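What follows is calculated from the coordinates using simple rules that are stated; it is not laboratory data. No experiment lies behind these values; they were computed from the predicted model shown.
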Ligand code: ATP
Ligand code: LTN
């Protein structure tokens, strides 16, 4: 709790142009907590370097991700928005938590297994201990809730196990965080391979719709989306993954339920359906894109937000850090 409010915390890596998966599964849900929760939303640049980045691109995307946070409705006056590497407490805490995390636990992380396959030439120690840094992010702020997409559930469970272990040895150190995973939209699938998660680092541009894609590209990508050979618009993820994914996207952007959406397209063809999905997506994203461009043009403003966010975050992070140092037996001067 901070100022009598529970804490909401989440982060996004500036590792690529964000997709509608990042939007629907995570960012769109962040502002929901702005009033009743004390909110920290971080651009996790240190997580991004677990795979090779081009420095100039990482720097540019850090500004872009922050601008997108604001364009998606996060008011920097009501939320602490900041960049991970500006608050050194994160890596300091990560080291301490590393010593309370087991090799076996980290070996079971599916994201580690996936990314090691994808980047077989660079299976570095950071990629392996990545979930510990994520736990440090969350635990530093005594977080109550963590809005995330489905793929981060396992990492959050690990953070909870670390809390259990640490609190048993040193009682009342950390707050137990709860994941918040949206019922719908927490796992948006690739448009090309609808049994795989849509991922911002996918090399096939037709598989991903990006928040900043031009409207004609959005319409074209949905038009090409893989469906199936029958013509029924029905929600059945097992047998009709492509159509079900499009129904989920339609329902998330339109605010209608899946059942309402199914009824709306009853008897219609895939062509009309895909055009309607593209249209609701454009209707929601165009205002975000306009706001984004306006904000991104003002670099000085973004740097002010970063600075203020880092100061605020550091204040709370330092409190937890000094508590943990004391509990572990480090000399505090
Ligand atoms: P990368 O391809 O670089 O691994 P990513 O697209 O998985 O990136 P992250 O920065 O790891 O994106 O994720 C940011 C947030 O978006 C997380 O909360 C994550 O769970 C959520 N998210 C990512 N992809 C999807 C998706 N396809 N559907 C719903 N939520 C998603
Ligand atoms: N691991 C997450 C990003 C992330 C995060 C966090 C999410 C880093 N730190 C803390 C929630 C809370 C990812 O790759 N999506």
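Dividing the convex hull volume of the alpha carbon atoms of region 1-155 by its residue count, what do you get in Å³ per residue? Show your work: numbers first, answer last.
Details: hull volume 17.6 nm³, N = 155.
Looking at region 1-155, the number lands at 114 Å³ per residue.
Taking a ≥ b ≥ c as the square roots of the Cα gyration tensor eigenvalues, with a/c under 1.5 meaning rounded and otherwise prolate when a/b beats b/c, else oblate, which class fits region 52-91? List each step's numbers first, then the result.
Working: a/c = 3.62, a/b = 1.30, b/c = 2.79.
Oblate shape, in that a/c is at least 1.5 and b/c is the bigger or equal ratio.
Which percent of the Cα-Cα distances in region 111-161 go past 19 Å?
For region 111-161, the share of Cα pairs beyond 19 Å comes to 31 percent.
Show that you can apply the helix-only estimate: for the chain, add -39,500 (n - 2.57) for every DSSP H stretch of four or more residues, divide by all residues, and state [θ] at 222 nm to the nearest 500.
Dividing the helical sum by the residues of the chain leaves -16500 deg cm²/dmol.
Give or take rounding to whole Å, what are the principal axis extents of the alpha carbon atoms in region 263-333, in descending order?
72, 33, 13
Can you tell me what share of the DSSP beta bridges in the chain is antiparallel? A percent to the nearest 5 is fine.
Numbers: 3 of 18 bridges.
Restricted to the chain, the bridges split so that about 15 percent are antiparallel.
With an 8 Å Cα cut-off and a minimum separation of 6 or more residues, compute the relative contact order for the chain in percent. Before the final figure, lay out each step's value.
Values: 507 pairs, mean separation 73.4, N = 333.
Computed value for the chain: 22 percent relative contact order.
What per residue convex hull volume, in Å³, comes out for region 183-301 when only alpha-carbon positions are used?
Measuring per residue, one finds 115 Å³ for the Cα hull of region 183-301.
Using the reciprocal of the averaged 1/r over all distinct C-alpha pairs, how large is the Kirkwood radius of the chain in Å?
That comes to 20.9 Å for the chain.
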